[in-house]
Ligand code: TXE
């Protein structure tokens, strides 16, 4: 079987690849298993050197990688460059983290008690199409740092950057077999990794529905799982906020990556006394979002990933549309920036749209804002806009969500933990926390 890879901005094929099945997946797991003892035995400083070399190679090939990602995902070239920059930073961070992820000595009677952080073995990494290279690096960095070997399964729609990264990994002299990329359907290759008895852990990012299946499938072998799933995050704007700043920033918190972002603040909650003023400012700011050819330096939003996905996104819009922007004519899976007025019970406010559609929802006071923000099965991200510092922290503590920003919408950094509450998943990526998900604690008592 072959797999045609499409550029969503032109609807034209850009590559044709052989599609892997169960046999190729098993072979990749066997290669990773064979490479494990050697990789685990590489000294911490040498492993750090290899990861640092990989980070440098990513920097040296950043323009090429950004172009691959932009073409394959349809994302604006400026955004793709920033993402590749983060990939390099992530590898630099985990190179530096290797010798800082220690065990402990614990006071006990009759001897000495020590803990060690042991590698798990072969880990399966299953990655979605929205940030293919970025999300791969969030998993590869800590998994490699801890001494694991890897089978990486990119999304069928966007395998190209992972395949190029695999070449750079070899160029960095990370030994053959340590990272294996397998391109094939999730329900075949992904499913096999989830069930394979020689895979110790699955790091998964994708939909909550597939995540649920991953968790069930992993139960058969008591596999460790980290799940980074969907979101329906709230951007809570109080009347005492700097409304101009909040409104200028809000569109990019939903329309970046054409809304195909698990952190998208797609519910904009606004205090009723500021609602009219804020809506006006928000419409103005949304009108200014530049939608068009991802190759143009000035483009801020590209197309959606596929025709099928566009149909899903369109099903959320109808009635109560406050504003809808423009899209280019001609081929491409375009969808306009869309603002709708909603209640928190409407489908657009309950389900992850994963497209450029934001729901504006009014609230009466702080108590109601917290109630609405938490009234969702998800809990990934969110923002709070207020000039009242005590309120900002009070609300931050009350929100059931893993990653928050105050007077900002940015919440993803190489050095800080990222992950969800509730049905947005569990386990943390990035920062030192991610290392816990790719290692096992071993306790050793020595009688003295
Ligand atoms: O995700 P899937 P899709 C959400 C978003 C989006 C929806 C569908 O709402 O509209 O999910 O996107 C692999 N066993 N998010 O269909 O199917 C698959 O091949 C093992 C949120 O792309 O979850 C791909 O590599 N693996 C999200 C990965 O899982 C399986 C990011 C994700 O695909 C599998 C993406 C199976 N049975 C979508 N079936 C986020 N949190 O950012 C599929 N896969």
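Considering only segment 151-161, how many residues are within 19 Å of residue 58 (Cα to Cα) and crowded, with 24+ Cβ neighbours inside 10 Å?
5
Quick test of your reading of the structure: residue 429 fulfils all but one of (1) crowded, with 22+ Cβ neighbours inside 10 Å; (2) more than 16 Å from the ligand (Cβ to nearest atom). Name the failing condition by number.
(2)
What pairs can you find where one residue is in segment 128-145 and on the phi > 0 side of the Ramachandran plot and free of Cβ contacts under 8 Å to residues at least 60 places away in the same chain, the other is assigned to a helix (DSSP H, G or I) and surrounded by fewer than 24 Cβ atoms within 10 Å (Cβ to Cβ), and their Cβ atoms are less than 7 Å apart, with a gap of 6+ or different chains?
No pair meets every condition.
Having 2 or more residues that are within 12 Å of the ligand (Cβ to nearest atom) and touching a strand residue (DSSP E or B) at 6+ places or on another chain (Cβ under 9 Å) is the bar; report the strands (runs of 3 or more DSSP E) wholly within segment 188-237 that clear it.
Output list reads 199-205, 224-228.
When segment 164-187 is examined, which residues are found to be out of contact with any strand residue (DSSP E or B) (no Cβ under 6 Å at 6 or more places or on another chain) and in a helix (DSSP H, G or I)?
Answer for segment 164-187, where residues must be out of contact with any strand residue (DSSP E or B) (no Cβ under 6 Å at 6 or more places or on another chain) and in a helix (DSSP H, G or I): 164, 165, 167, 168, 170, 171, 186, 187.
Quick one: what pairs do we get from segment 349-361, first residue under 15 Å from residue 376 (Cα atoms) and at pLDDT 95 or above, second more than 14 Å from the ligand (Cβ to nearest atom) and in a loop (DSSP other than H, G, I, E, B), C-beta under 8 Å, 6+ apart or different chains?
Cβ pairs passing all conditions: 349/342; 349/343; 350/344; 359/342; 359/346; 361/342; 361/343; 361/344.
Taking segment 162-187 only, how many residues are surrounded by fewer than 21 Cβ atoms within 10 Å (Cβ to Cβ), more than 27 Å from residue 220 (Cα to Cα) and either free of Cβ contacts under 8 Å to residues at least 40 places away in the same chain or within 16 Å of the ligand (Cβ to nearest atom) (or both)?
Number satisfying all stated conditions: 4.
For segment 254-274, indicate whether the set of residues that are within 16 Å of the ligand (Cβ to nearest atom), closer than 19 Å to residue 6 by Cα and surrounded by fewer than 20 Cβ atoms within 10 Å (Cβ to Cβ) is non-empty.
For segment 254-274, residues within 16 Å of the ligand (Cβ to nearest atom), closer than 19 Å to residue 6 by Cα and surrounded by fewer than 20 Cβ atoms within 10 Å (Cβ to Cβ): absent.
The values are calculated or read from the model by the stated rules, or taken from the named source; none is laboratory data. Note that this is a predicted model, so its numbers are computed, not measured. All Cβ positions, glycine included, derive from the backbone under ideal geometry; neighbour counts span all protein chains shown.
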